[in-house]
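Have a look at the structure below before the remarks.
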Amino acid sequence: MRAYTPKDDVQAKAYYTDRYYVAPQVPKSEVETDEVFAADLAAIKARFEVKEAYIQVEQMVIFINPHDIYGVLELMRDELAYTQLSEMSAIDWLAKDNTFEIFYQMLSMTKRKRIRVKFFINNGEAVDSVEKLFRSADWSEREMFDMFGIEANNHPFMKRILMPYDWQGHPLLKSYPLEGDEFAAWYEVDKIYGKEAREAIGPEIRDTARVDRYDSERFARLGFEVPKGTKITGDEPRNSQEYQEEGGVFLIKKYTKEASTIVDDPQR
Amino acid sequence: MAQVKNRLRPFFENITFDREDNELVLNFGPQHPSSHGQLRLMLHLQQEQIVKAHPDIGYLHRGMEKMAENMIYNEFMPTTDRMDYIASSSNNYGFALAVERLIGVEVPRRAKVIRMMLLEINRLMSHLFWLATTALDIGAMTVFLFAFREREYLMDIIEGYCGARLTHAAIRIGGVPLDIQDTFISQLKTFLDKLPQNIKDYEDLLDSNRIWLMRMEEVGVISTEMALSWGCTGPMLRASGVAWDIRKEEPYELYDEVEFNVPFSDKGDNFARYRLYMEEMRESAKILYQTIDMYAKCVKDAETELMAHAPKYISAPKLDIMTQNYSLMQHFVLVTQGMRPPVGEVYVPTESPKGELGFYINSQGGPYPYRLKLRAPSFWHTGILTDLLPGHYIPDVVSIIGTTNIVFGEVDR
């Protein structure tokens, strides 16, 4: 029987798992241990609901409600001096509980502190764009849409950014295989010749880099290559390739190790 | 806007007239030599002035974040080389540091010194490359040849260390794989002694060059607000009046022990960025001189450790692997299955030559990262072209793209 593979997470799985293994945790500390973070958290808590907050690896992580994101970032930018949105993206938890986790990495240059603002949304929901607050979110949100299919409300140009505009599927979803799906495999062929050409072209020619490891005619016959379809007899002539003309060509001397000089001073 | 009909619709390659007014759309790239890789710019022009710019990226997208989710941590290291391939050790380092923070290991001092040397050499290589290519775009062929000559020397030093010139993979999670070669210090010193004169040569050629000044001064002005809003970092931010250098503000490795200045400017134009790159090269040289002394002290104190001792995550030294059974077993497990960092997440920023290079890693305790986000500075330095280019003229586009110092391995990842 074929081994069962979950379709909602087709990424690489650990070959060996110990069922009694309890993974250690990266230590988390209370927000109160850091004065700056505690003050920031109090300011945010005064106006918005904060579900969870802790410090991990010197950065504060807070969980908020999805609809509060614009307000929280505006407060952080205007009153708490978190003037830069370094990064934002999503994490795919669809296999676990059908949600996405969205994180916003904030930086305050005056306080030298970084806060990660996070929330969860359900599959199919959109986030509020923060592009009006931070222009950097313009491209980040487009990238998130491209990679996960999460749309941002009120975004000026919600289009794919890295993948081609007519691509199907969102590559960073856990359900998207590493080597791409069928659409990805046939993208060029479909686009240039049309779907009906798939059969005529076939998978071998489609991928020019394809190496059939069982092909003993052309694979691993360096120096003794033969055309496809030739009967291998074992006494093929050597077709050696000369990369240097014997005796050199005009203006170019043949390299010999003895005649070469080593330059010690590159700025000679 | 006067509606002048294009009665004669001439056919020009690469130019489309798709509106019934004077605006024309120019496709700049993706194969244009001065687009620094695979950048496609759709420029809406009124005469020669740009009214709208639309950068189109993704031509070099290889899905590194996806690859990372399917690779063990050490396996991903050579892939990071292919991000900012002009200074690949700084990518290696950013990733290594992120994983080290995640698993909580401290790197031995000697390894730290070697890493700092590699990082600063990479910064110099990157800045020299920037100078060479930007000067070439503007038309300064001599500077291109000069700067590439110096960069070649640095690449020789790096080649002596790790065997590669472009994709170094010279840093490991937990330290460095090798000690520096015997000739490393002497070669580096020779280079550094000549560097001030070299930089002066470039400046003599460029600083009072009329063409250079026309393309640089008062062109591509980025205000402080714009730089902050667009997530600019590194020289792009410092040229706009914010003296923010992660090496100084959030020191990693031994950057708090070395003395260096953070040059910045409040002009925000191309020329400010050019001056900044030159000054940063001088500061890097200053740091490198200090690391040479630090390395000599490490040798004197007989600090020979190059990799952190954390048997759960990092293989033992080769001697132990070859002589002790348990080390061999651990090595086997770490190579075949990969390390399993604790459950948690980490975002680690480092100051790469281009700006803030950040690695966000979400680990669920498995041998593969559950999510890895690469925060590459060039991504936003490309995005800012949307707001920066309108109002400028076509020749300025080339110099603005040049001074943003974008590398497409990093933009598209």
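With contributions of -39500 (n - 2.57) from each DSSP H run of at least four residues, the per-residue ellipticity at 222 nm computed over chain A stands at -5500 deg cm²/dmol. Per-residue shielding of B:267-277, expressed as the average number of other chain Cβ atoms within 10 Å of the residue Cβ, stands at 0.
Translational diffusion coefficient, Stokes-Einstein: compute it for chain A using the Kirkwood radius over C-alpha pairs as Rh, at 37 °C and 0.692 mPa s, and state it as an integer in µm² s⁻¹. So the translational diffusion coefficient is about 133 µm²/s. May I ask which residue of B:ILE384, B:MET307, B:TYR274 lies farthest towards the positive end of the charge dipole of chain B, with charges of +1 (Lys, Arg) and -1 (Asp, Glu) on Cβ and the Cα centre as origin? Of the candidates, B:MET307 comes out farthest on the positive side.
The Rg/Rh ratio of the protein assembly as shown, with both radii computed over alpha carbons and Rh defined as the Kirkwood radius, is 0.97.
Where does helix A:69-78 land angle-wise versus the long Cα axis of chain A, in degrees 0 to 90, nearest 10? Its long axis makes an angle of about 80 degrees. In this structure, B:GLU305 and A:ASP34 have a Cβ-Cβ separation that, at R0 = 25 Å, corresponds to a calculated FRET efficiency of about 0.20.
Magnitude of the charge dipole for chain A, about its Cα centre and with charges confined to Cβ atoms of Lys, Arg (+1) and Asp, Glu (-1), is about 280 debye. Cβ under 14 Å from B:GLN38's Cβ, B:GLN38 left aside: what net charge do those residues give with Lys, Arg +1 and Asp, Glu -1? Value of the local net charge: +1. Measuring between alpha carbons in the structure, the pairs from A:LYS191/A:LYS228; B:LYS286/B:LYS318; B:LYS112/B:LYS312; B:LYS318/B:LYS354; A:LYS51/B:LYS373; A:LYS51/B:LYS66 lying more than 27 angstrom apart are A:LYS191/A:LYS228; B:LYS286/B:LYS318; B:LYS318/B:LYS354; A:LYS51/B:LYS66.
Against chain B, whose longest principal axis is taken from its Cα atoms, helix B:141-162 shows a tilt of about 20°. The residue among A:TYR104, A:VAL117, A:LEU162 whose Cα reaches farthest toward the positive pole of the charge dipole of the stretch A:28-163, with charges on the beta-carbon of Lys, Arg, Asp and Glu, is A:LEU162. Please list, in order, the residues from the stretch B:79-105 whose amide nitrogen is less than 13 Å from a point placed 7 Å along the Cα→Cβ vector of B:LEU166. Of the residues in the stretch B:79-105, B:81-88 have backbone N under 13 Å from the label point off B:LEU166. For the stretch A:28-163, a simple Cβ point-charge model (Lys and Arg +1, Asp and Glu -1, everything else neutral) yields a dipole of about 260 debye relative to the Cα centre. Farthest toward the positive end of the dipole of the stretch A:1-88, out of A:PRO24, A:VAL50, A:MET88, is the Cα of A:PRO24, where the dipole comes from beta carbon charges about the Cα centre.
To the nearest ten degrees, helix A:35-45 and the longest principal axis of the Cα atoms of chain A are 70 degrees apart.
Charge dipole of the protein assembly as shown (Cα centre as origin; +1 on each Lys and Arg Cβ, -1 on each Asp and Glu Cβ, all else neutral): 740 debye, rounded to the nearest 20. When A:THR256, B:THR336 are sorted by how many other C-beta atoms sit within 10 angstrom of their C-beta, beginning with the fewest, the order is A:THR256, B:THR336.
The stretch between A:LYS257 and A:ALA3, if pulled fully straight at 0.36 nm per residue, gains 85.7 nm over its current Cα-Cα span.
Remark: mean inter-chain Cβ contacts per residue of A:175-182 equal 2, using a 10 Å Cβ-Cβ cutoff to other protein chain atoms. Each of A:LYS13 and B:TYR393 was given a label point 7 Å from its Cα along the Cα-to-Cβ line. The distance between the two points is 6.4 nm. The ranking of B:GLU345, A:GLU199, B:GLU283 by Cβ neighbour count inside 10 Å, starting from the fewest, reads A:GLU199, B:GLU283, B:GLU345. Annotation: the antiparallel percentage among DSSP beta bridges lying fully within the protein assembly as shown is about 90.
Note on B:333-346: average number of Cβ atoms from other chains within 10 Å of each residue's Cβ is 4. Each of B:HIS32, B:HIS309 was scored by other Cβ atoms within 10 Å of its Cβ. Listed from fewest to most, they are B:HIS309, B:HIS32.
Among A:142-155, B:189-202, sorting by the average number of other beta carbon atoms lying within 10 angstrom of each residue, highest first, gives A:142-155, B:189-202.
All of the numbers you see were taken from the coordinates with simple rules; none came from a lab. Only a predicted model underlies this, so the values are computations on that prediction, with no experimental measurement involved. Heads up, the Cβs are rebuilt from the backbone with ideal geometry, glycines too, and the neighbour counts pull from every protein chain shown.
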